[in-house]
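To start, the structure under review is shown below, and the notes come after it.
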Amino acid sequence: MADKTAKLTFGDTELELPMYSPTVGPDVIDISKLYAQGKVFTFDPGFTSTAACDSTITYIDGGKGELLHRGYPIDQLAEKSHYLEVCYLLLYGDLPSAAELEEFESLVTNHTMIHEQMMFLFRGFRRDAHPMAIMNGVVGAMSAFYHDSTDIHDAHQREVASIRMIAKMPTIAAMAYKFTIGQPFVYPRNDLDYASNFLRMCFSVPCEDYQVNPILSRAMDRIFTLHADHEQNASTSTVRLASSSGANPFACIAAGIACLWGPAHGGANQACLEMLQEIGTVDRIPEYIARAKDKNDPFRLMGFGHRVYKNFDPRATVMKKSADEVLDLLGVENNPTLQVAKELEKQALADPYFAEKKLFPNVDFYSGIILNAMGFPTSMFTPIFALSRTVGWISQWKEMIADPKMKIGRPRQLYLGEPMRDYVDIEKR
Ligand code: SDX
């Protein structure tokens, strides 16, 4: 793949390192032999300048605010496609034919139930457990129920595990929600589409019929699509690193769920809505902007900023438009939280601090407003993100496992601790 080289000179050492050109984006310098040849490490905490793998799935251009899934721009997919078609695209590399899509949707639909014995896992949690804690536990436990799809070296088992994960995550997320509100679990139905099934499993009760609102199911499906994959973000990198040891896919997805939960990552959608509700009215916005700019205050504007997007997050643009549509269609005009969000965005983007640091609303800034208007509690925002991102984690996992170059991930370090020293007996300390 090397089509040019980079010269690295330090001390008496001069090395020529291979460079590779991408389809689009920055060239990379292959440093995999650097330690063997030069006895030095590179240093890049947070991996801001490090490509950990090669991939053909998703491309992000942070400067242009571009997000491509297998080459297709996210705004076109959000507008013209739907989540299960995007799942097919991410998993298999291109848009399906009508027959391929029908077969894939039928496969997913017919695997949405979970093993009946798993019901008892939920009962081990306190009713006030966070749904993410429940999802983390139950998904990890899938490796105790689906032994016939844990052999990562068997392509068929990898395929079965992939379909099971995508199909069962909405059921597990909905059950986690129902458990925390003390309502009975609702089984999935095979005559409903993916998003409608999830809404019904969350919001229907045995005492009455439940009609899915097509506005909500379209909005729900679009939220799933906008969160499906995002290159080598923290939780995807967690799944890849866990998988590199040969761990089974369910355990690796559970690791991804744990990482996503953090407020700097997927937990930001819950934190963002709670921040907007704490601000409450537009007259309090300047106080919070001042806090976000104050170096001595750990407060940050949740839903703002991004490691890669130093221009707008294209998903936030679609989400903002969807928020307007959904709230208007639901007759929730003048939603105070949406008014605060729009005014906060306006004031922040006009403030030199945010402009200089290239901080823009990200995918989490508007998603919580829609989910709140749809009736979800903030504790369900990150589980919905995890449900949506499962196809991204699985697609990246499949790509890595099938890569003959794959080896266990094992970063090194810059050691700043004590040099070797002898043990000191306690009476001499
Ligand atoms: C997601 O990686 C992905 O792709 C993630 C994701 C995905 O789909 O997987 O896109 C999903 O995680 C979106 C991000 C959700 N998180 C938040 O909204 C939390 C708030 N945002 C920040 O914590 C922060 O912006 C990060 C974590 C998102 C990005 O952090 P970076 O790139 O490491 O930036 P940084 O922490 O180095 O900040 C650069 C500067 C700092 O100031 P200085 O030290 O240079 O003076 O910008 C400041 C930060 O203090 N800054 C903010 C800020 N974000 C960064 N200041 C105020 N409010 C903020 N939100």
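Odds and ends about this structure:
- Spin-label model, PHE47 to GLN347: label points 7 Å out along the Cα-to-beta-carbon direction sit 3.7 nm apart.
- In Å, descending, principal axis extents of the Cα set of the stretch 292-429: 74, 46, 32
- Calculated FRET value between ASP151 and SER106, using beta carbons and R₀ = 25 Å, to 0.05: 0.50
- Using θ = phi - 60° and Karplus 6.51 cos²θ - 1.76 cosθ + 1.60, couplings along the stretch 66-78 (whole Hz; Gly, Pro as x): 10, 9, 10, 10, 6, x, 8, x, 4, 5, 5, 5, 5
- The chain - accessible surface per residue (Å², probe 1.4 Å): 50
- Projecting the Cα atoms of SER97, TYR72, LEU107 onto the dipole axis of the stretch 1-114, where Lys and Arg carry +1 and Asp and Glu carry -1 at the beta carbon, places TYR72 farthest toward the positive end.
- Charge dipole magnitude, Cβ of K and R +1, D and E -1 - the stretch 114-171, Cα centre, debye nearest 20: 320
- With the gyration tensor restricted to C-alpha atoms of the chain, the semi-axes of the equivalent ellipsoid amount to 36, 29, 24 Å, longest first.
- Overall, the chain carries a charge dipole of about 960 debye about its Cα centre when +1 sits on the Cβ of Lys and Arg and -1 on the Cβ of Asp and Glu, all other atoms neutral.
- Measuring r between the beta carbons of THR13 and LYS358 and using R0 = 35 Å, the FRET efficiency lands at 0.45.
- In terms of its C-alpha gyration tensor, the stretch 379-423 comes out oblate, because a/c is 1.5 or above while a/b does not outweigh b/c.
- Take every pair of alpha-carbon atoms less than 8 Å apart whose residues are at least six positions apart; their mean separation over the length of the chain yields a relative contact order of 19 percent.
- On Cα atoms only, tilt of 83-92 relative to the major axis of the chain in degrees: 30
- Largest accessible area first, the residues GLU345, GLU79 order themselves as GLU79, GLU345 under a 1.4 Å probe with ligands, DNA and RNA left out.
- Legend: Rg and Dmax of the stretch 112-214, from Cα coordinates, 14.4, 47 Å.
- Share of carbon and sulfur in the accessible heavy-atom surface of the stretch 56-141 [1.4 Å probe, %]: 53
- Amide H contacts under 5 Å for THR5, placed H, 5+ residues apart: MET19
- Extension gain from LEU414 to LYS428, taking 0.36 nm per residue of separation minus the Cα-Cα distance: 1.9 nm
- Look at the alpha carbon pairs under 8 Å that are at least 6 residues apart: their mean separation over the length of the stretch 192-259 gives a relative contact order of 25 percent.
- Computed as a quarter of the hull surface, the mean projected area of the alpha carbon convex hull for the stretch 289-345 stands at 4.8 nm².
- Across all C-alpha atoms in the stretch 43-195, the radius of gyration and Dmax reach 18.3, 53 Å.
- Percentage of interatomic Cα-Cα distances in the stretch 1-124 larger than 24 Å: 55
- Shape of the stretch 2-46, Cα gyration tensor, a/c cut at 1.5: oblate
- Placing +1 on the Cβ of every Lys and Arg and -1 on the Cβ of every Asp and Glu, with nothing else charged, gives the stretch 225-369 a dipole about its Cα centre of roughly 540 debye.
- When the stretch 338-429 is described by a simple charge dipole with +1 on each Lys and Arg Cβ and -1 on each Asp and Glu Cβ, the residue from VAL424, TYR353, TRP397 located farthest towards its positive end is TRP397.
- Cross-link pairs LYS64/LYS310; LYS80/LYS310; LYS321/LYS358; LYS293/LYS358; LYS80/LYS342 - those with Cα-Cα distance over 19 Å: LYS80/LYS310; LYS321/LYS358; LYS80/LYS342
The values are calculated or read from the model by the stated rules, or taken from the named source; none is laboratory data. If you're wondering where the values come from, they're calculated on a predicted model, not measured in any experiment. Cβ coordinates were reconstructed from backbone atoms using ideal geometry, including for glycine residues, and neighbour counts include every protein chain displayed. Each accessible area value is taken on the protein alone, full model and side chains, heavy atoms only, with ligands, DNA and RNA left out. Shrake-Rupley method; radii C 1.70, N 1.55, O 1.52, S 1.80 Å.
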